[in-house]
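Enquirer: Structure in structure tokens, see below.
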Amino acid sequence: MITRDEAIQLLEENGCAPNVIEHCKEVASLAVEMANKAIAAGHKVNLEMVEIGALLHDFGRCKTHKIDHAAEGYRLAKNIGIDSEISEIIKRHIGAGISKEEARKLGLPEDDYFPRSLEEKIVAHADNLVKGTRRITTTERIALMRKQEVPEIVIQRVNKLAEEVERLFS
């Protein structure tokens with residue numbers, strides 16, 4: 001698995017904007033905090049995978065800032081030989097997941113984008129709680145989503161993921 005410094009270098013060398021890199025660092029910091037709490041509560045979580053996956057979750061933003069950044073990041077990561085577990089974190093970090101049908105409607109490669117592993121869920125949740133480089137609450141994230149007229153089913157998924165991840169360490 002690549003190191004933290006190598007992950008940041010990968011983002012830089014592929015043209016990710018400095019603000020995107022700072023966002024990724026903050027998501028990684030929060031995700032590692034969550035993972036440590038889950039570990040302390042007795043859950044088996046790969047801390048290194050969480051940190052590297054969180055650092056690279058927006059890897060695709062070096063090419064696009066649209067919803068397809070997750071699929072693009074996944075493709076880029078696979079092409080350069082990033083561990084498959086990390087590639088999956090990149091693919092599955094959007095909100096709280098996207099179904100095959102939703103992916104097709106959004107013009108994404110038809111695939112299931114729901115986070116499955118604890119590591120994928122922790123990174124997706126941490127990303128939902130970082131706006132730019134500022135940490136926000138789930139309530140604030142949901143309010144932002146409602147303001148953007150995000151469908152209620154998606155908002156409920158984000159809330160369900162938040163509850164599931166936070167139960168790991170409550």
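Enquirer: Which value in deg cm²/dmol, rounded to the nearest 500, describes the helix-derived mean residue ellipticity at 222 nm for the chain, given -39,500 (n - 2.57) per DSSP H run of n ≥ 4 and division by the residue count?
Expert: -19500 deg cm²/dmol
Enquirer: Limiting things to C-alpha atoms, what are the Rg and the maximum Cα-Cα separation (Dmax) for the stretch 2-165, in angstroms?
Expert: 14.6, 41
Enquirer: In addition: On average, how much accessible surface per residue is there in the stretch 2-165, in Å², for a 1.4 Å probe, leaving out ligands, DNA and RNA?
Expert: Working: 8020 Å² over 164 residues.
Accessible surface, normalised per residue, equals 49 Å².
Enquirer: Another question, if that's okay. Could you derive backbone 3J(HN,Hα) for the stretch 95-104 from the dihedral phi with the Karplus parameters 6.51, -1.76 and 1.60 (θ = phi - 60°), listing whole Hz in sequence and x where the residue is Gly or Pro?
Expert: Computed from phi, the couplings for the stretch 95-104 are x, 9, x, 9, 6, 4, 5, 5, 4, 4 Hz.
Enquirer: Under the rule of at least 5 residues apart or a separate chain, name every residue whose amide H is placed under 5 Å from the amide H of Phe114.
Expert: So Phe114 has HN proximity to Ile98.
Enquirer: Mind jotting down the distance between the C-alpha centroids of the stretch 129-152 and the stretch 1-46, whole Å?
Expert: 20
Enquirer: Can I ask one more? Apply the Debye scattering formula to the stretch 16-85, with a single equal point scatterer on each alpha-carbon and no solvent, then give log10 I(q)/I(0) at q = 0.20, 0.26, 0.27 Å⁻¹.
Expert: Log10 of I(q)/I(0), two decimals: -0.83, -1.11, -1.14.
Enquirer: Between Arg134 and Glu85, what length in nm is gained on full extension when 0.36 nm per residue of separation is reduced by their alpha carbon distance? Before the final figure, lay out the partial values.
Expert: Numbers: separation 49, 0.36 × 49 = 17.64 nm, distance 2.68 nm.
Net length gain for the segment: 15.0 nm.
Enquirer: Also, I was wondering about something else. Springs between alpha-carbon atoms under 10 Å, Gaussian network over the chain: tell me which of Gly42, Gly132, Gly97 tops the mean-square fluctuations.
Expert: Gly42
Enquirer: Applying the Karplus parametrisation 6.51 cos²θ - 1.76 cosθ + 1.60 with θ = phi - 60° to the phi angles of the stretch 47-52, what ³J(HN,Hα) value in whole Hz is obtained for each residue in order, glycine and proline being reported as x?
Expert: Residue by residue, the stretch 47-52 yields 4, 4, 5, 4, 5, 5 Hz.
Enquirer: May I pose another question? Which one of Ala162, Ile2, Ala17 has its Cα pushed farthest toward the positive end of the charge dipole of the stretch 2-165, where Lys and Arg give +1 and Asp and Glu give -1 at the Cβ?
Expert: Working it through, the farthest residue towards the positive pole turns out to be Ala162.
The values are calculated or read from the model by the stated rules, or taken from the named source; none is laboratory data. Predicted model only: the values in this text are computed from it and were never measured. As a convention, Cβ positions derive from the backbone with ideal geometry for all residues, glycine included, and neighbour counts pool all protein chains shown. Surface areas here come from the heavy atoms of the whole protein model, side chains and all, with no ligands, DNA or RNA. Shrake-Rupley method; radii C 1.70, N 1.55, O 1.52, S 1.80 Å.
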